[in-house]
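Enquirer: I'd like to ask some things about the structure below.
Read the figures in this text as sums done on the coordinates, not as results from a lab. All of these numbers come straight from a predicted model, not from anything done at the bench. Glycine also receives a Cβ, built like all others from the backbone with ideal geometry; neighbour counts cover every protein chain displayed.
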Amino acid sequence: MKHEILYQGAFPLVKVLLDSGETVKAEAGAMVSMSPNIELKGTVDGGLMRGLGRMLSGEKFFFQELTASKGQGEVLLAPSAIGDIQSIELDGSYKLYVQKDGFLAGTSGIEVNTKMQNLMKGFLSGEGFFIVEISGRGTVFLSSYGAIHAINLGPGEEVVIDNGHLVAWPDYMQYKIEKAAKGWLSSVTSGEGVVCRFRGEGVVLIQTRNPASFGGWIKQFIPGGR
């Protein structure tokens, strides 16, 4: 399956070229345009329980499947948020953990499930007890709020990341959630609260903007907002 990311930056599109019979699945509502010979249908993909699991992780219950029939076809896809798109090739040797709203689309060999974090991680992270788990072989397209930046860690190297800026990381990386500062008072008053400490080797993808912080900022301009 051939693809191209157009207008990279704040307002990108994914252009996917499908041969006859090829399928791409995307989050509900992602289709911008498609060739007349593309068949579009909504699907739960994996059954009711997987759909419910995705809802618990912050994703949508349904996917959309787009399949080329009677020849090649073209599809344009876009996320709902203002931000970047990045494609990642999975070879089946590891799984990719993705924060909510991070999955945009994937080829037919990609599976989207949920993984339950332990109780403490889910409580402290502010992201809930479930995260998105992507596995299989093929191409997955991730979306972000802001630009996507890759942090490359060598063996034993560590980095501390605000959890609201996380996009994705491989399942073989070690991570833990902890206070941003030494004490809880400093952690809260600093505006950070809790953070994620990752240990390499591996690559962590982060987004340059925090949706929750933007929501708090924009409320001041809404009448009655607090």
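Enquirer: Using the Cβ atoms and a cut-off under 14 Å, what net charge is assigned to the surroundings of residue 6, where Lys and Arg are +1 and Asp and Glu are -1?
Expert: Summing Lys/Arg as +1 and Asp/Glu as -1 gives -1.
Enquirer: Also, quick follow-up: Sorted from fewest to most neighbouring beta carbons within 10 Å, what does the list 169, 217 look like?
Expert: Ascending Cβ contact count within 10 Å gives the list 217, 169.
Enquirer: If R0 is 35 Å, what FRET efficiency do you get for residue 197 and residue 220 from their C-beta distance, rounded to 0.05?
Expert: So, using R0 = 35 Å, E works out to roughly 0.65.
Enquirer: How many nm separate the modelled label positions at residue 209 and residue 32, each set 7 Å beyond the Cα in the direction of the Cβ?
Expert: Rounded to a tenth, the inter-label distance reads 1.7 nm.
Enquirer: Still on this structure, I have one more. For a 21 Å ceiling on Cα separation, which of these pairs sit above it: 25/176; 100/176; 2/115?
Expert: 25/176; 2/115, as the Cα separations exceed 21 Å there.
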